[in-house]
1. Looking for whichever is aromatic (Phe, Trp, Tyr) and either under 23 Å from the mean Cα position of the chain (by Cα) or in a helix (DSSP H, G or I) (or both) here; the options are Phe397, Phe390, Phe347. Which one fits?
2. With the condition kept exactly as written, say whether any residue in segment 339-360 is open to solvent by less than 70 Å² (accessible area, probe 1.4 Å), more than 16 Å from Ile552 (Cα to Cα) and in contact with a His (Cβ under 7 Å, 6 or more places away or on another chain).
3. Report, ordered by the first and then the second residue, all pairs with beta carbons closer than 6 Å, sequence separation of six or more or different chains, a first member in segment 471-487 that is more than 19 Å from Ala29 (Cβ to Cβ), and a second member that is at pLDDT 80 or above.
4. Any chance segment 199-209 includes a residue that's touching a strand residue (DSSP E or B) at 6+ places or on another chain (Cβ under 9 Å) and either assigned to a loop (DSSP other than H, G, I, E, B) or open to solvent by 50 Å² or more (accessible area, probe 1.4 Å) (or both)?
5. Name the single residue that is most open to solvent (accessible area, probe 1.4 Å) among those in segment 108-134 being outside any helix (DSSP H, G or I) and within 16 Å of Gly529 (Cβ to Cβ).
6. Does Gly164 satisfy being in a helix (DSSP H, G or I) and either crowded, with 24+ Cβ neighbours inside 10 Å or at pLDDT 90 or above (or both)?
7. Does Ile418 count as of a type outside the set (Phe, Trp, Tyr) and modelled with pLDDT under 85?
Amino acid sequence: MASIHTVDIAGQRSPGAIRATWLRPGRLAAICWVAAVVGLLSLLPIGRLLLAAIAPGWELDLAAFAGRITTTTALRATWHTLDTAFFGAVLAIAIGAPFALAVALTDMPGRRTLGFLLLLPLMIAPQVTALSWLHLFGPSSALLNALGIAPPPGTPNPVIGREGIILLYGVQHAPIVFVTLRVGLARIPRDFVEAAHAAGASTSHLLLTIVQPLMRPYLLAASALAFVSGVGNFGIPALLGLPVNYLTLPTLIYRQMSSFGPGVLPQMASLSVVIAALALTGVAMQALATRDAGRYSGGLPARLPLGRWCWPLTALAWTAILLMVVLPALALVSTALVPSFGVTLTFETATLANFTEVLTRQAATMRAFRNSTLLSASAAVILAAGVIPFALALDRFGARWRRGAQAALELPYAVPGITLAIACILLFLRPLPLIGSLYATAWIILVAYLMRFATFAARPVATAIRQIPRDLDEAAAAAGAGALRRMWTITAPLVAPATVAGALLVFMGAFNELTVSALLWSGGNETLGVILFSLEEAGLAAHAAAIAVSTIVAVVLILGLLDRLSGRLPAGVLPWR
């Protein structure tokens, strides 16, 4: 392992030369900088969580760990987590795979718009998706009452409970399947399809005998990612499961932390380790599935004309988008426009009072908007400022070590948010030298955001830096420019669009965040996700809908801005392009 390390990072095989290369000031500084960033933002919180789970008193105690994760409540929640995540992933495949085929391989009209609309549930917070579906069905639905087709009073809302959670996991995670499969489908060479057609193969035969085998690794990867997303989802089971006491592991942790406080941290840490283990198993399966994929790539991408099926399939695709995206959004808007939940929406009852109330009058909601904006913007600015020197330092590493460092930086995002929140509480509950205790302050949320979304900022910039010709840097160095001057006069201007895109992705992710802040917020430090969840639990559904609609508008504006930047960004940064 040591020999692999030295060859990769130094590119030389002589031990003496390797040591000399390591000790060069620039290279040593790069190694220290990357190690410090990855260690503080990723390895430290995950390591602290693991320590609290298996050795809470600094002594290894696996029996106690096993006892904490095998209680009746924990086992039931684990089963619920696996059950909903598995069937949610199956449904996500059933929804996302046909859209990926239609957008990537066919000549369906408006396929780019279809792909963009299908991605919206992924860009919107899960609790907003859950809220929109809650308001679409049920006897108090403003939209159904306006149309005169609402179920009778007293009818249970069909999306509450296990089936509703699975349904919304399918809708929320179908975009993940869509993006993953679309990457694979775009790499199928057109020659394969033309050769099959020349041999007399029908379209269905071609899909089964050529496309399906080639796409198998991507299908496995997409299934694993959808499953992982279901394991860590908090917003959907919190709104659809908690009212009927249907607990998954994230909602069990939330309920026990809300009831008993930090005194149950070893129990919560153990359950968090179980969630993290499930999620990382899925991530590992995804990595293994795509390891050898794409070796057939080359040439123009394949294209399958739909012929006489073009317009019927186009109508089917738009109907699916109408049911999954448009109708829930309309239900949310309808609820936000009525004076109170349950009132029928008409021209006489329609009002903007809920928006006025939450945006200009209610101190808690206005504070939540301010807190979410400040925390998200701060995380975006801090990560944008630090990501260029980090990515430059990372670029000095060999390919294997670079991938390892990137994977480590992604760890806090790969594990569920509730796991990261418990890790942050363990790290910052007790006073630390110089910084004291961050628990019950806004700073702990900011630090958690930096940990969770660092990979959003780093990936676009790292990709952009690898595309810059090294000749530019070498020429500037030969002319006497120092490292800092080369970074700010050459690298920074060239990667500025990618830096801005990364910062916007960080802002969008943090602005909608609920899972982390659900455990870290304190009085006066509420975020939008927390206040939306609280309003819905308190029965103020119209106010919650107004906040949800406002966040959707903010997300769509950010997506539009990112789309305008697309021409100046590295390929693959924006998933809908």
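1. Within the list Phe397, Phe390, Phe347, the selection yields Phe390.
2. Looking through segment 339-360, at least one residue is open to solvent by less than 70 Å² (accessible area, probe 1.4 Å), more than 16 Å from Ile552 (Cα to Cα) and in contact with a His (Cβ under 7 Å, 6 or more places away or on another chain).
3. Between residues of segment 471-487 that are more than 19 Å from Ala29 (Cβ to Cβ) and residues that are at pLDDT 80 or above, the close pairs are Leu472/Ile490.
4. Taking every residue of segment 199-209 in turn, at least one turns out to be touching a strand residue (DSSP E or B) at 6+ places or on another chain (Cβ under 9 Å) and either assigned to a loop (DSSP other than H, G, I, E, B) or open to solvent by 50 Å² or more (accessible area, probe 1.4 Å) (or both).
5. Ile124
6. Here the answer is yes, as Gly164 does meet what is asked.
7. For Ile418, the condition - of a type outside the set (Phe, Trp, Tyr) and modelled with pLDDT under 85 - is met.
Residue-wise test of (1) β-branched (Val, Ile, Thr); (2) touching a residue at least 40 places away in the same chain (Cβ under 8 Å).
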residue	(1), (2)
Glu348	no, no
Leu352	no, no
Arg370	no, no
Ile382	yes, yes
Ala399	no, yes
Gly404	no, no
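The values are calculated or read from the model by the stated rules, or taken from the named source; none is laboratory data. Everything numeric in this text was worked out from a predicted model, so none of it was measured. Ideal geometry is used to build each Cβ from the backbone, glycine not excepted, and the neighbour counts take in all protein chains shown. Areas reflect the complete protein model, heavy atoms only, side chains present, ligands, DNA and RNA absent. Shrake-Rupley method; radii C 1.70, N 1.55, O 1.52, S 1.80 Å.
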